[in-house]
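Input: a single structure, listed below in structure tokens.
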Amino acid sequence: MTTDGDDNGHVDGAGAAVGVPASVLRALVDRVTDALVGIDRDWRFTYVNATAETLLRRPARELLGRVVWE
């Protein structure tokens with residue numbers, strides 16, 4: 001998944017990659033109750049759901065765009 005660039009975790013373009021509108025993909029992803037994160041090729045967080053925020057003990061706004069290893 002990619003974000004829309006404003007560090008809020010919104011899906012952008014991911015739906016096109018699988019032939020599903022991004023809004024539908026986002027609605028499906030948001031329903032996952034397991035911890036779920038998206039990570040890009042540079043190991044930066046691109047998506048963090050609420051369960052992952054709890055598990056990682058940090059809000060998504062602090063994680064998005066940061067390298068996983070930091």
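The values are calculated or read from the model by the stated rules, or taken from the named source; none is laboratory data. Owing to the predicted nature of the structure, the values given are computational and were not obtained by experimental measurement. We place every Cβ from the backbone using ideal geometry, glycine too, and count neighbours over all the protein chains shown. Ligands, DNA and RNA are excluded from the accessible area calculation, which covers all protein heavy atoms including side chains. Shrake-Rupley method; radii C 1.70, N 1.55, O 1.52, S 1.80 Å.
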### Task
Could you please tell me which pairs satisfy a Cβ distance under 8 Å, a separation of 6+ or placement on different chains, a first residue in segment 26-42 that is aliphatic (A, V, I, L, M), and a second residue that is part of a loop (DSSP other than H, G, I, E, B) and open to solvent by 60 Å² or more (accessible area, probe 1.4 Å)?
Val29/Met1
### Query
If you go through segment 1-20 one residue at a time, how many are surrounded by 11 or more Cβ atoms within 10 Å (Cβ to Cβ), at pLDDT 50 or above and either part of a loop (DSSP other than H, G, I, E, B) or under 10 Å from the mean Cα position of the chain (by Cα) (or both)?
4
### Query
Counting only residues that are open to solvent by 60 Å² or more (accessible area, probe 1.4 Å) and within 11 Å of the chain's Cα centre (by Cα), which one in segment 27-43 is farthest from Leu63 (Cα to Cα)?
Asp30
### Message
I'm checking my understanding of the structure. Among residues of segment 53-62 that are touching a helix residue (DSSP H, G or I) at 6+ places or on another chain (Cβ under 8 Å) and not charged (D, E, K, R), which one is least open to solvent (accessible area, probe 1.4 Å)?
### Response
Ala60
